[in-house]
Amino acid sequence: MLKKALEWVVPLTLAGMVAGCATYRPPEQIQSATSTLNRYTPEYVREANKALVESNHPDAERLVGIGLRLQTAIDSLDSWANTNPEDSEQ
């Protein structure tokens, strides 16, 4: 019975959270912070990846990939934080 209830509660809760994120803008401080983070992340990732490759780090390939995914995630977060939900509905 509990397992069956969890099979419904978890997806519905996640759907509600996603719907809330899609309809409400984050506070101005969050928007500003993600913009600042997004402005500097590409440079930091580029420099870190360059240093990893030049140092022949044994795990460089994996770490470079992590840096690139981090950069993509920050860009997506910035896009979400600075997009007006009313504009995206039209």
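List of remarks:
- Positive contributions from Lys and Arg (+1) and negative ones from Asp and Glu (-1), summed over other residues with Cβ under 15 Å from the Cβ of GLU43, come out at 0.
- Neighbour-count ranking [beta-carbon atoms within 10 angstrom, fewest first] of VAL10, VAL53: VAL10, VAL53
- Net charge of Cβ neighbours under 14 Å - reference THR34; Lys, Arg +1; Asp, Glu -1: -1
- Cβ-Cβ distance of SER35 and ASN56, R₀ of 41 Å, FRET efficiency by 1/(1 + (r/R0)^6): the value works out to about 0.70.
Laboratory data are not the source of any read-out in this text; all were calculated from the coordinates shown. All values derive from a computational prediction rather than experimental measurement. When we count neighbours, we look across all protein chains shown, and the Cβ atoms used for this are built from the backbone with ideal geometry, even at glycine.
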